[in-house]
1. Checking Gly278 against (1) among the small types (Gly, Ala, Ser); (2) without any contact (Cβ under 8 Å) to a residue 40 or more places away in the chain; (3) more than 17 Å from Thr123 (Cα to Cα), which test does it fail?
2. For the range 68-75, does any single residue satisfy the condition of being of a type outside the set (D, E, K, R), surrounded by fewer than 22 Cβ atoms within 10 Å (Cβ to Cβ) and outside any helix (DSSP H, G or I)?
3. Counting only residues that are in a loop (DSSP other than H, G, I, E, B) and acidic (Asp, Glu), which one in the range 132-190 is surrounded by the most Cβ atoms within 10 Å (Cβ to Cβ)?
4. What's the number of the only condition in (1) surrounded by fewer than 16 Cβ atoms within 10 Å (Cβ to Cβ); (2) in contact (Cβ under 8 Å) with a residue 60 or more places away in the chain; (3) not β-branched (Val, Ile, Thr) that Leu195 fails to meet?
5. Return the only residue of Gly77, Gly24 being outside the structural domain of Asp133 (by the TED database), in contact (Cβ under 8 Å) with a residue 60 or more places away in the chain and within 21 Å of the chain's Cα centre (by Cα).
6. Determine whether Phe176 is of a type outside the set (A, V, I, L, M), at pLDDT 95 or above and touching a His at 6+ places or on another chain (Cβ under 6 Å).
7. Considering only residues that are at pLDDT 95 or above and out of contact with any strand residue (DSSP E or B) (no Cβ under 8 Å at 6 or more places or on another chain), which ones fall in the range 83-117?
8. How many of the residues making up the range 19-67 are open to solvent by less than 40 Å² (accessible area, probe 1.4 Å) and either outside any helix (DSSP H, G or I) or small (Gly, Ala, Ser) (or both)?
Amino acid sequence: MIEYIIGVDGGGSGTRVRLARLDGHELAQGQSGPSGLGLGIERAWTSVAHAVTLAFRAAGLEQPPLQRMAIGLGLAGVHNKQWAASFIEHNPGYAAVALESDALTTLLGAHAGQPGAIVAIGTGSVGEVLHADGSRHEVGGWGFPSGDEAGGAWIGMRAINHVQQVVDGRVPGSAFATAVIDACGGQRDAMQVWLAAASQTTFAQLARLVLEHAATNAVARTILVDAGQQIALIARALDPAGTLPVALCGGLAAPLSAYLPAELMQLVVPAQGDSAAGGLRLIRKHLQEQ
């Protein structure tokens with residue numbers, strides 16, 4: 001018998017879960033490491049399991065067997081159908097699993113299941129829209145390293161490309177460049193080692209330095225202005241008529257809002273809930289349909 005439902009938001013930087021009773025009454029939250037499918041199926045389930053354990057601990061409850069829980073997950077990387085199928089196959093024992101992209105669960109959480117659009121900007125980026133007729137479609141979300149414009153990894157890659165040119169003497173240095181170089185090893189050989197091991201999560205960590213230096217460095221500011229333009233392109237592709245509310249979600253949504261075009265800001269509304277809340281909506285709907 002299912003007693004608890006869990007909503008999960010999993011990406012390249014971290015995993016957040018919401019724990020609720022079957023009736024939807026929320027009890028607690030938990031947070032752990034990355035669970036984007038591009039980082040590996042086993043790692044994703046491990047991160048989810050740790051976050052769930054922390055949520056039960058926060059609620060002051062003994063964690064029951066997995067067979068008494070149902071879980072709805074919005075994970076980065078679900079666009080890769082092979083990864084998604086493998087993730088479901090490796091279900092460690094939950095009574096029910098509903099898996100969708102983190103874009104869809106973010107959309108469900110942001111507009112409480114009503115029509116609207118979202119652009120989620122975290123380690124990666126993706127947009128999703130739900131129309132009044134129930135149809136929906138996704139924009140972006142192509143994944144690291146070829147897509148995810150405006151996401152933290154994209155910003156970090158722009159930063160590291162700049163400092164490579166600084167190290168070579170192709171462009172002048174700056175306090176911003178020095179900060180990024182130091183974060184990546186401090187000199188060319190160490191930077192090569194850093195690059196060889198870098199993941200989307202590692203690149204995304206450099207976004208903080210870009211944000212910190214944007215007020216005083218033209219290169220850093222240009223990276224963020226370009227990110228703002230990319231977010232606007234995603235929003236326009238989702239709803240060309242500009243009639244639906246747009247919620248900006250994810251860890252970089254607030255920091256990047258200062259770099260968004262004014263016409264986009266006129267459509268922006270606060271998100272009513274996060275992707276983990278959308279995960280709860282997803283699993284409740286899944287159970288009702290069953």
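The values are calculated or read from the model by the stated rules, or taken from the named source; none is laboratory data. What you are looking at is a predicted structure, and each value in this text was computed from that prediction instead of being measured. Please note: Cβ atoms are built from the backbone with ideal geometry, for glycine as well, and neighbour counts cover all protein chains shown. Ligands, DNA and RNA are excluded from the accessible area calculation, which covers all protein heavy atoms including side chains. Shrake-Rupley method; radii C 1.70, N 1.55, O 1.52, S 1.80 Å.
1. (2)
2. First pass over the range 68-75, keeping only residues of a type outside the set (D, E, K, R): 69-75.
With surrounded by fewer than 22 Cβ atoms within 10 Å (Cβ to Cβ) added as a condition, the list becomes none.
No, the range 68-75 contains no residue that is of a type outside the set (D, E, K, R), surrounded by fewer than 22 Cβ atoms within 10 Å (Cβ to Cβ) and outside any helix (DSSP H, G or I).
3. Filtering the range 132-190 down to residues in a loop (DSSP other than H, G, I, E, B) leaves 132-135, 141-151, 169-174, 184-187.
Within this subset, residues satisfying the condition of being acidic (Asp, Glu) are 133, 148-149.
On the way: Asp133: 7, Asp148: 27, Glu149: 19.
Of everything passing the filter in the range 132-190, Asp148 is surrounded by the most Cβ atoms within 10 Å (Cβ to Cβ).
4. With respect to (1) surrounded by fewer than 16 Cβ atoms within 10 Å (Cβ to Cβ); (2) in contact (Cβ under 8 Å) with a residue 60 or more places away in the chain; (3) not β-branched (Val, Ile, Thr), Leu195 is out only on (2).
5. Working: Gly24 fails: within 21 Å of the chain's Cα centre (by Cα).
Exactly one of Gly77, Gly24 is outside the structural domain of Asp133 (by the TED database), in contact (Cβ under 8 Å) with a residue 60 or more places away in the chain and within 21 Å of the chain's Cα centre (by Cα), namely Gly77.
6. Working: of a type outside the set (A, V, I, L, M): yes; at pLDDT 95 or above: yes; touching a His at 6+ places or on another chain (Cβ under 6 Å): yes.
Yes, satisfied.
7. Once the filter is applied, which keeps residues that are at pLDDT 95 or above and out of contact with any strand residue (DSSP E or B) (no Cβ under 8 Å at 6 or more places or on another chain), the range 83-117 yields Trp83, Ala85, Ser86, Glu89, His90, Pro92, Gly93.
8. 17
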